[in-house]
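One structure below.
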Amino acid sequence: MTTNTSRGSIAILGTGLAGMGHAGGATEQEIIARASCLAIERSGLRKSDIDGIITSSLTSPWWVMRMAEYLGIRPRFSDSTMFGGSAFIADLKIAQMAIDAGVCENVLICYGATPRSVPSSSRINQMRAELDPQPYEHPYKAFNPVSSYALAAARHMYEYGTTRQQLAEVAVAARQWAQLNPDAFSKKPLSVDDVINAKMISDPFTTLDCCLVTDGAGAIVVSSSQRAQALHAKPIYVLGSGFAHWHRQISCMEDLTVTPAVESGRKAFAQAGLTPSDIDVVELYDAFTINPILFLEDLGFCKKGEGGAFIEGGRIAPGGAFPMNTNGGGLSCVHPGMYSIFLIIEAVTQLRGEAMARQVAGAQTALVHGNGGVLSSEATAILSSEL
Amino acid sequence: MSNIGTPQAATASACDQRYFGALAERRFEIPRCLSCGRWHFYPRLCCPYCGSQDLQWLAPSGRGRVYSVTIVRRADGDYTVVLVDLDEGPRLMSRVVDMPVEQVRIGQAVRARIDATAEGPLLVFTASEEQA
């Protein structure tokens with residue numbers, strides 16, 4: 001396996017959450033700022049030490065400038081590449097390239113939104129559609145993004161016999177983890193039958209196969225591992241990372257059962273010099289119940305087609321052999337439009353042994369995997385408390 | 001979360017105008033590359049496989065198979081959204097009509113048809129006899 005000198009060259013310092021669930025009237029800029037200030041303070045840094053910023057928005061193309069202005073940061077490095085929900089894991093790679101190149105030292109990666117307290121108006125939704133036209137899909141009135149993922153789920157069921165029950169188990173396990181997490185939004189008990197019998201939206205998905213729509217903001221600070229050791233008692237090293245995007249629209253996805261996670265995962269494992277069997281805890285972007293099944297296969301935790309059987313029988317639930325989505329995921333914890341920043345923060349919490357009731361005993365190495373668009377962009381990172 | 005029914009950009013690309021213009025005249029035509037021979041969809045000015053700009057617009061056979069299907073459940077009526085693989089290779093999003101939505105199957109043979117709708121001409125598919 002190839003490794004390179006950039007393995008573990010950067011580490012995550014402080015993290016911050018704000019406005020989880022319902023932001024109570026604060027704007028997205030305000031909750032991002034609160035999360036960012038927390039992350040900076042917990043990094044042992046002052047705001048003036050932050051010389052890099054990476055963020056992106058589903059709405060504003062000016063977002064990194066707006067956030068830097070709001071926080072009073074004049075960055076030496078900034079980036080705002082729009083990968084959709086996978087962005088903040090892809091940003092670990094971008095931050096690493098900037099830090100390794102000596103362009104900047106301490107990079108703030110942040111995101112937040114308030115779609116629960118301030119739902120997008122029809123005018124905003126219309127504007128988003130006009131700015132990202134898809135004239136060859138639009139006339140068919142898919143209920144997007146749900147329908148695009150439903151098409152992938154249907155194809156996976158057809159090719160591999162994945163069952164409705166297996167999809168539901170993903171949601172049930174997420175809920176059980178959420179019940180252990182004080183920051184999680186949905187904690188009501190949930191059964192496989194509840195998921196299957198909920199209102200059908202776009203076959204095979206019911207409402208309970210779909211992620212939440214909540215408020216929430218998350219922020220992290222990354223720095224070189226050398227600086228991180230001097231600044232923080234428990235830096236979390238980014239051993240490897242990778243991202244890939246292969247399409248934008250579901251009709252342009254070559255094989256609906258194979259995602260760009262194949263490529264992002266291969267890059268991350270290669271850089272880390274690790275294999276799936278080295279991972280103690282896994283955090284996968286569960287926008288829909290099919291997602292973790294696809295990603296477990298594409299990342300090499302099981303063979304293609306075996307993801308459904310892999311998660312069965314409570315294996316990914318609390319107490320199961322394969323701890324996954326330990327914060328309750330996008331399905332039951334938090335999902336403000338884009339989610340991957342929360343995957344990183346949960347993994348860091350686990351690797352620092354600070355996850356309380358949901359702590360995975362002895363977790364030393366975590367894999368985080370983000371997804372964006374309609375299985376369009378994928379980003380993977382391998383994090384560890386040890387270099 | 002959803003963008004159902006929101007209008008798209010008023011400015012159509014040259015390829016969009018070519019494609020939808022033909023549909024309006026009841027012709028289903030898509031580009032085929034004169035360099036590598038492959039058909040592609042959605043229509044672009046350059047071949048996404050080999051990069052050539054030497055393209056020709058042609059009518060495909062209209063025959064294909066359902067690659068995947070979902071039924072969109074709405075208060076005012078359920079309908080299918082499908083991905084169809086044309087016999088010529090390209091995949092496109094469409095709808096299978098003239099049969100109960102529950103009976104549309106992955107792998108099913110379908111044939112293209114152009115329907116007039118309130119929003120303009122729409123390429124849809126209907127079940128066709130299985131080909132050998």
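The values are calculated or read from the model by the stated rules, or taken from the named source; none is laboratory data. The structure presented is a predicted model; accordingly, all values stated were derived computationally and were not measured. Note that each Cβ is placed from the backbone with ideal geometry, even for glycine, and that neighbours are counted across all protein chains shown.
Give the number of residues within segment A:316-353 that are among the β-branched types (Val, Ile, Thr) and not in a loop (DSSP other than H, G, I, E, B).
The qualifying residues number 5.
Against the conditions (1) farther than 21 Å from residue A:121 by Cα; (2) assigned to a loop (DSSP other than H, G, I, E, B), where does residue A:56 fall short? Just the number, please.
For residue A:56, the failing item is (1).
Could you say which residue among A:86, A:120 is within 30 Å of residue B:12 (Cα to Cα), touching a Lys or Arg at 6+ places or on another chain (Cβ under 9 Å) and surrounded by 14 or more Cβ atoms within 10 Å (Cβ to Cβ)?
After applying the criteria, what remains is A:120.
Across segment A:17-38, what is the total count of residues that are within 20 Å of residue A:327 (Cα to Cα) and surrounded by fewer than 24 Cβ atoms within 10 Å (Cβ to Cβ)?
6
Could you pull out the residue among B:83, B:34 that is touching a Leu at 6+ places or on another chain (Cβ under 7 Å), surrounded by 20 or more Cβ atoms within 10 Å (Cβ to Cβ) and either at the interface with chain A (Cβ under 10 Å from one of its Cβ atoms) or not polar (S, T, N, Q) (or both)?
B:83
Of the conditions (1) within 13 Å of the chain's Cα centre (by Cα); (2) assigned by TED's automatic domain parsing to the domain that holds residue B:128, residue B:109 clears all except one; give me its number.
Only one criterion in (1) within 13 Å of the chain's Cα centre (by Cα); (2) assigned by TED's automatic domain parsing to the domain that holds residue B:128 is unmet by residue B:109, namely (1).
Looking at (1) surrounded by 23 or more Cβ atoms within 10 Å (Cβ to Cβ); (2) within 24 Å of residue A:290 (Cα to Cα); (3) within 14 Å of chain B (Cβ to nearest Cβ), find the lone condition where residue A:113 falls short.
If we test residue A:113 against (1) surrounded by 23 or more Cβ atoms within 10 Å (Cβ to Cβ); (2) within 24 Å of residue A:290 (Cα to Cα); (3) within 14 Å of chain B (Cβ to nearest Cβ), just (2) comes out false.
Would you mention how many residues in segment A:269-289 are in contact with a Gly (Cβ under 9 Å, 6 or more places away or on another chain) and outside any strand (DSSP E or B)?
12
In segment A:220-238, how many are more than 14 Å from residue A:107 (Cα to Cα) and either of a type in the set (Phe, Trp, Tyr) or buried (at least 24 other Cβ atoms within 10 Å of the Cβ) (or both)?
Total satisfying the criteria: 3.
If a residue must be touching a residue at least 24 places away in the same chain (Cβ under 8 Å) and not basic (Lys, Arg), how many such residues does segment B:31-75 contain?
Looking only at that region, the number is 21.
Out of B:73, B:26, B:65, B:18, report the one residue that is touching a strand residue (DSSP E or B) at 6+ places or on another chain (Cβ under 6 Å), of a type in the set (D, E, K, R) and outside the structural domain of residue B:102 (by TED's automatic domain parsing).
From the options B:73, B:26, B:65, B:18, the qualifying one is B:26.
Here are some residues: B:110, B:97. Which one is surrounded by fewer than 20 Cβ atoms within 10 Å (Cβ to Cβ), more than 9 Å from every other protein chain (Cβ to nearest Cβ) and hydrophobic (A, V, I, L, M, F, W, C)?
B:97
Exactly one of these conditions fails for residue B:88: (1) assigned to a strand (DSSP E or B); (2) away from chain A (no Cβ under 14 Å); (3) under 16 Å from the mean Cα position of the chain (by Cα). Give me its number.
Exception for residue B:88: condition (1).
With respect to residue A:312, is the statement that it is touching a residue at least 60 places away in the same chain (Cβ under 8 Å), under 28 Å from residue A:169 (Cβ atoms) and of a type outside the set (Val, Ile, Thr) true?
yes
Could you run through segment A:117-158 and say how many residues are under 24 Å from residue A:208 (Cα atoms), more than 7 Å from chain B (Cβ to nearest Cβ) and not polar (S, T, N, Q)?
Qualifying residue count, segment A:117-158: 9.
Select, from A:142, A:178, A:184, A:171, the only residue that is touching a residue at least 40 places away in the same chain (Cβ under 8 Å), closer than 30 Å to residue B:90 by Cα and either aliphatic (A, V, I, L, M) or not assigned by TED's automatic domain parsing to the domain that holds residue A:359 (or both).
A:142
Where residues in segment B:33-70 are outside any strand (DSSP E or B) and of a type in the set (A, V, I, L, M), which of them is farthest from residue A:203 (Cα to Cα)? Lay out the reasoning, then the answer.
Narrowing segment B:33-70 to residues outside any strand (DSSP E or B): B:34-38, B:40-54, B:59-62.
Next, only the ones that are of a type in the set (A, V, I, L, M) stay: B:34, B:45, B:59.
On the way: B:34: 40, B:45: 35, B:59: 32 Å.
Filtering segment B:33-70 for residues that are outside any strand (DSSP E or B) and of a type in the set (A, V, I, L, M), the one farthest from residue A:203 (Cα to Cα) comes out as B:34.
Which one of A:89, A:109 is outside any loop (DSSP other than H, G, I, E, B), modelled with pLDDT of 95 or more, β-branched (Val, Ile, Thr) and more than 16 Å from residue A:28 (Cα to Cα)?
A:89
Identify, please: which residue in segment A:263-284 is closer than 30 Å to residue B:90 by Cα and in contact (Cβ under 8 Å) with a residue 40 or more places away in the chain and is, among those, nearest to the other protein chains (Cβ to nearest Cβ)?
Ranking the qualifying residues of segment A:263-284, first place goes to A:263.
Can you confirm whether segment A:95-107 contains a residue that is within 14 Å of chain B (Cβ to nearest Cβ) and either closer than 21 Å to residue B:66 by Cα or in contact with an Asp or Glu (Cβ under 8 Å, 6 or more places away or on another chain) (or both)? Let's see the steps before the verdict.
Keep residues of segment A:95-107 that are within 14 Å of chain B (Cβ to nearest Cβ), which gives none.
So far as segment A:95-107 goes, no, none of its residues is within 14 Å of chain B (Cβ to nearest Cβ) and either closer than 21 Å to residue B:66 by Cα or in contact with an Asp or Glu (Cβ under 8 Å, 6 or more places away or on another chain) (or both).
Filter segment A:39-67 down to residues that are surrounded by fewer than 18 Cβ atoms within 10 Å (Cβ to Cβ), at negative phi and of a type outside the set (Lys, Arg), then give me how many there are.
Count: 8.
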